[in-house]
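This report refers to the structure that appears directly beneath it.
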Amino acid sequence: MQARTSGSPAYVKTRALYESTYPDAKLGVYTEEDWARLRTAEGLALGSSALDIGPGNGALLQILARSGKHTRIHGVDIHRHSQLLLPEGVDYHLQSITDLEFADRDFDTVFCMEVLEHLESPDLEPGLAQLRRVAKRRLVMTVPYHEPHPLW
């Protein structure tokens, strides 16, 4: 139980929301490693603006919104996740990582977690260039370590 209750109040409330909304782990509740990644990501956010590329079900967006540290939060995904819980006040866009419709250096922190492995080879370099372009202070990227590659 310690892992569920350790972390910021935003993290603890978000985890409780997702575990009560999706009590069956087969429906997409995160593993302990996933929750640890989200807890760590929250601590890496700098500044007042954040962009989450590929937010999936929106857990990181929830944590960022609940933290109260960001005045502007956006999520971008190629498709809307069927279990997305979008927090109030967060802007959500359907678009490709290869063609982000934001200004240069538009976000203090850009998150791209568990997304790059889904890109086909021709999209990887342009996608990375777009991430670098819109990030002002920090770019946080993670890739899975248990799944076979490539996922596509």
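The values are calculated or read from the model by the stated rules, or taken from the named source; none is laboratory data. Here the structure is a predicted model, which is why all the values come from computation and not from measurement. Using ideal geometry, Cβ is built from the backbone for each residue, glycine included, and neighbour counts are taken over all protein chains shown. Protein only, heavy atoms only, side chains kept; ligands, DNA and RNA dropped before computing areas. Shrake-Rupley method; radii C 1.70, N 1.55, O 1.52, S 1.80 Å.
Counting only helical runs of four or more DSSP H residues, what would the 222 nm mean residue ellipticity of the chain come to if each run contributes -39,500 (n - 2.57) and the total is spread over all its residues?
-10500 deg cm²/dmol
Given H placed 1.01 Å from N in the peptide plane, which residues other than close sequence neighbours of ILE73 have an amide H under 5 Å from its amide H?
Under 5 Å from the amide H of ILE73 lie the amide H atoms of ALA50, ASP91, each far enough along the sequence or on another chain.
For the chain, what relative contact order do you get, as a whole percent, if you take Cα pairs closer than 8 Å and at least 6 residues apart?
20 percent
For the range 41-78 and the range 8-25, compute the distance between their C-alpha centroids and round to whole Å.
Taking the Cα centre of the range 8-25 as reference, the centre of the range 41-78 is 16 Å away.
For ARG132 and GLU88, FRET efficiency with R0 = 25 Å and r from the beta-carbon atoms, rounded to 0.05? All intermediate terms of the calculation are to be shown ahead of the outcome.
On the way: r = 30 Å, r/R0 = 1.20.
Efficiency, rounded to the nearest 0.05: 0.25.
If you put +1 on each Lys and Arg Cβ and -1 on each Asp and Glu Cβ, how big is the dipole of the range 51-104 around its Cα centre, in Debye rounded to 20? Present the calculation step by step, with values, prior to reporting the outcome.
On the way: 4 positive and 7 negative charges, 60 e Å.
Its charge dipole is roughly 280 debye.
Residues of the chain: accessible area per residue at 1.4 Å, in Å²?
54 Å²
Accessible area of the chain with a 1.4 Å probe: how many percent of it is carbon plus sulfur?
Solvent-exposed carbon and sulfur of the chain make up 52 percent of the total.
Which residue, PRO87, PRO55, PRO122, tops the fluctuation ranking in a GNM of the chain built on C-alpha contacts under 10 Å?
Per the Cα network of the chain with a 10 Å cutoff, PRO122 tops the list.
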